[in-house]
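Reading through the structure tokens given below for one structure.
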Amino acid sequence: MAKALDSFLEENLQQLKSQGLYNEIDVIEGANGPVIEIDGRRLINLSSNNYLGLATNGQLKEAAKCAIDRYGVGAGAVRTINGTLDLHQKLEEKIAEFKGTEAAISYQSGFNCNMAAISAVMDKDDCILSDQLNHASIIDGCRLSKAKIVAYAHSDMDDLRRKAKETAESGRYRKIMVITDGVFSMDGDLAKLPEIVEIAREFDLITYVDDAHGSGVTGNGRGTVKHFGLEKDIDFQIGTLSKAIGVVGGYVAGKKKLIDWLKVRSRPFLFSTAVPPGDVAATIAAIDLLMRSEELTRRLWENGNYFKEGLKKLGFVTGNSETPITPCIIGDEKLTQQFSKRLIEEGVYAKAIVYPTVPKGTGRVRNMPTAGHTKEMLDEALAVYEKVGRELGVI
Ligand code: PMP
């Protein structure tokens, strides 16, 4: 190894470890369901994004198996050479129908999708107004585009309006985009999309919503744009197929003209191999299921509300979540880590989220109750929360 690399790694790994910021990775033995096994121990799982339990759903598994039998395990090429199977086309038609748009394009992941879509339309002559708490993949996608990036305070519509006005009136930019998460994953709050659309109209902003945590969850499962009835007003509805949808991949849904452009200009679509057929077939089955019935989404909300109310009754602070994402805010970073460690020792897998992922002093244990949890599992988890909360003086 080059000496420069060796000393770089040594120094930085040591620093992370001494600050308690080096994340040891837990390995799950088996499926990532409502109950998981780690080191042979059973734990109630409150940390996965498998909101609807679709990652282990029988219909999805069957669809994947049939597709593997018919098409094999790989797509064989990038989408623009000959990796586009009829399955990819069917998936994209389904996504457009599900999202209420003219067309859609799919990618290998949600992360990839942000890298692809932002840089396909924005460049150095443009400006992006970005919510301060946007996801890392949005930030990286914005950077890749070389556009000027202006962050606005989280969901602060006065700040957004001021910055939109300044940017538009400067006359320096050819295009201006406003970009936001639909659901903010650390607090579970929703973006103020009606106000964002109003500001966008006033200053001719391109609107871009990453609904990674909203698809399958908000808007009776159809997402946060649908929740606000703004399907005609948002230019880019993007998201992931790996959380509530349960499989893997990302998508952009929007006007046909936009999707046509992304098909010829978004680099991961052109230069990275297409999603394997088994995954695509499972995703089609997931969206079919969500279009047929809202039952799983209803169960998710019921469990989310039950767990949130349970924590509040015990005296925990759960913040301003508007979705099933339930943060339990502890504050101090070390105490938050200790709290999560004790929960895990007692059989509840709920991870600590601390600075720099969230602002200093707002450490929290983030809980994701899912449609797959039973009331008994949630009660068991609440009992552990009560025990650990009293033990550590949090309640
Ligand atoms: N955008 C947001 C807002 C996310 O929360 C995530 C997942 N953490 C992603 C994009 C990335 O999605 P994927 O896991 O499919 O790459």
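The values are calculated or read from the model by the stated rules, or taken from the named source; none is laboratory data. All values derive from a computational prediction rather than experimental measurement. Note: ideal-geometry Cβ built from the backbone for every residue, glycine included; neighbour counts use all protein chains shown. Only protein heavy atoms, including side chains, enter the accessible area calculation; ligands, DNA and RNA are left aside. Shrake-Rupley method; radii C 1.70, N 1.55, O 1.52, S 1.80 Å.
Residue check: is G53 within 14 Å of the ligand (Cβ to nearest atom), within 27 Å of R364 (Cβ to Cβ), of a type outside the set (S, T, Y) and at pLDDT 95 or above? In short, no.
Return the only residue of S242, S293, S272 being within 16 Å of the ligand (Cβ to nearest atom) and surrounded by fewer than 19 Cβ atoms within 10 Å (Cβ to Cβ).
Values: S242 fails: surrounded by fewer than 19 Cβ atoms within 10 Å (Cβ to Cβ); S293 fails: within 16 Å of the ligand (Cβ to nearest atom).
Result: S272 is the single residue among S242, S293, S272 that is within 16 Å of the ligand (Cβ to nearest atom) and surrounded by fewer than 19 Cβ atoms within 10 Å (Cβ to Cβ).
When G110 is tested against (1) within 23 Å of K263 (Cβ to Cβ); (2) open to solvent by 10 Å² or more (accessible area, probe 1.4 Å); (3) in contact with a Phe, Trp or Tyr (Cβ under 8 Å, 6 or more places away or on another chain), exactly one condition is not met: (3).
Quick one: would you say K165 is surrounded by 20 or more Cβ atoms within 10 Å (Cβ to Cβ), outside any loop (DSSP other than H, G, I, E, B) and away from the ligand (no atom under 13 Å from the Cβ)? No: the conditions fail for K165.
Scan region 261-268 and tell me whether some residue there is open to solvent by less than 50 Å² (accessible area, probe 1.4 Å), closer than 15 Å to C113 by Cα, in contact (Cβ under 8 Å) with a residue 24 or more places away in the chain and within 16 Å of the ligand (Cβ to nearest atom). I'd like the intermediate steps shown before the answer.
As a first pass, look at region 261-268 and keep what is open to solvent by less than 50 Å² (accessible area, probe 1.4 Å): 262, 266, 268.
Imposing the further condition that a residue be closer than 15 Å to C113 by Cα reduces the set to 262, 266, 268.
Narrowing the set further to residues that are in contact (Cβ under 8 Å) with a residue 24 or more places away in the chain leaves 262, 266, 268.
Then drop every residue that is not within 16 Å of the ligand (Cβ to nearest atom), which leaves 266, 268.
Yes, region 261-268 has at least one match.
Of the numbered criteria (1) more than 19 Å from T84 (Cβ to Cβ); (2) within 20 Å of the chain's Cα centre (by Cα); (3) among the aliphatic types (A, V, I, L, M), the one L241 fails is (1).
Taking region 93-133 as the search range and keeping residues that are charged (D, E, K, R) and within 16 Å of the ligand (Cβ to nearest atom), which one is nearest to D204 (Cα to Cα)? Don't jump to the end; show me each part of the working.
Pass one, region 93-133, residues charged (D, E, K, R): 93-94, 97, 99, 102, 123-126, 131.
If we keep only those that are within 16 Å of the ligand (Cβ to nearest atom) too, we end up with 99, 131.
Numbers: K99: 23, D131: 18 Å.
Ranking the candidates gives D131 first.
For first residues located in region 170-183 and part of a loop (DSSP other than H, G, I, E, B), partners that are more than 16 Å from the ligand (Cβ to nearest atom) and hydroxyl-bearing (S, T, Y) and lie 6+ apart or on another chain with Cβ distances below 7 Å form the pairs Y173/T167.
Being open to solvent by 20 Å² or more (accessible area, probe 1.4 Å) and either aromatic (F, W, Y) or within 15 Å of the ligand (Cβ to nearest atom) (or both) is the requirement here; does Y306 meet it? In short, yes.
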